[in-house]
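What follows draws every value from the coordinates through simple rules; no lab data is involved. Owing to the predicted nature of the structure, the values given are computational and were not obtained by experimental measurement. When we count neighbours, we look across all protein chains shown, and the Cβ atoms used for this are built from the backbone with ideal geometry, even at glycine.
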Amino acid sequence: MVARKPLVAGNWKMNGLRANLAEIAAVRSGISDARCDVAICPPTTLITEAIDAAAGSQLMIGAQDCHPALSGAHTGDVSAEMVADAGGKLVIVGHSERRTDHKEADALVRAKAEAAWRAGLMAILCIGETEAERTSGATLSVLERQIAGSLPEGSTAARLVIAYEPIWAIGTGLTPSEDDIAAAHAHIRSRLLDMIGAEAELIRILYGGSVKPSNAASILSLDDIDGALVGGASLKAVDFLGIVAAAN
Ligand code: PGA
């Protein structure tokens, strides 16, 4: 079996003021012995200060979204180059909240991942089914469609991470059964293998959706799960560090 270094990534979403930078400092000091990769994506307003707070440590800071273009007349948007220029290392693309709130379709998500690579950033590409899709038994076909539509050509493990996030599990406290998580991850891996060949064995597939310290160890021990994308439980260093410990 191929060894993949786990990644635990926190997504603060639209949460966090400068006072919360203390959580970044606490995560930084709590991961000095971590054997997994650790990242936090704070809101754009805090990226620069978060990078300063993480400087000299293995904590990577990233953004929650980027525009596909290099620069230009796109009010309110931030380019991947701007994130890289600030010192960011990664960007989340295609999060379900962006797909829903901003009607982002697969082709746009793919363009954003390509923009991340152009700027030298790693992209965490999110996919996942709605509650209705799950109930109708469409989970695996939805994942397939999203992978086919949003995975750029030239995906490598160094610059692409996939996050499987069932939309109904995000922020709800609900999680799929371990069998369902394992089946989704195995399916994603096999589709990646079909599309890009052997490199797919090296690409990390994270699980996201109500991961917390109390369920992280059992979820992260499943086959083909290479870490977690964490929303709510990434806001407090003590919770986030509990998840990092489970990944170690
Ligand atoms: P949650 O969010 O951990 O709060 O469920 C996960 C995510 O949206 O990435």
Of all DSSP beta bridges in the chain, what percent run antiparallel (nearest 5)? 0 percent
Local charge sum around N215 (other residues, Cβ-Cβ under 13 Å, Lys/Arg +1, Asp/Glu -1)? -1
Can you tell me the dipole magnitude for the range 43-115 around its Cα centre, using point charges on the Cβ only (Lys, Arg +1; Asp, Glu -1), in Debye to the nearest 20? 200 debye
For n ≥ 4 DSSP H runs only, could you compute -39500 (n - 2.57) per run for the chain, divide by its residues and tell me the 222 nm figure to the nearest 500? -11500 deg cm²/dmol
Which residues in the range 177-195 place their backbone N less than 20 Å from a point set 7 Å from the Cα of A148 along the Cα-to-Cβ direction? 184-195
Report the one residue of S190, W168, S234 whose Cα lies farthest in the direction of the positive end of the charge dipole of the range 137-248 (charges on C-beta: Lys and Arg +1, Asp and Glu -1; origin at the Cα centre). S234
Suppose every K and R has +1 on its Cβ and every D and E has -1 on its Cβ; what is the size of the dipole of the chain about the Cα centre, in Debye to the nearest 20? 380 debye
Once fully extended, how much extra length lies between R118 and M14, figured as 0.36 nm per residue of separation less the alpha-carbon to alpha-carbon distance? 34.9 nm
In percent, what relative contact order does the range 70-150 have, based on Cα pairs under 8 Å that are 6 or more apart in sequence? 32 percent
Using 7 Å Cα-to-Cβ label points, what is the A138/A3 separation (nm, one decimal)? 4.2 nm
Just from the alpha-carbon atoms, what are the Rg and Dmax of the chain in angstroms? 16.6, 48
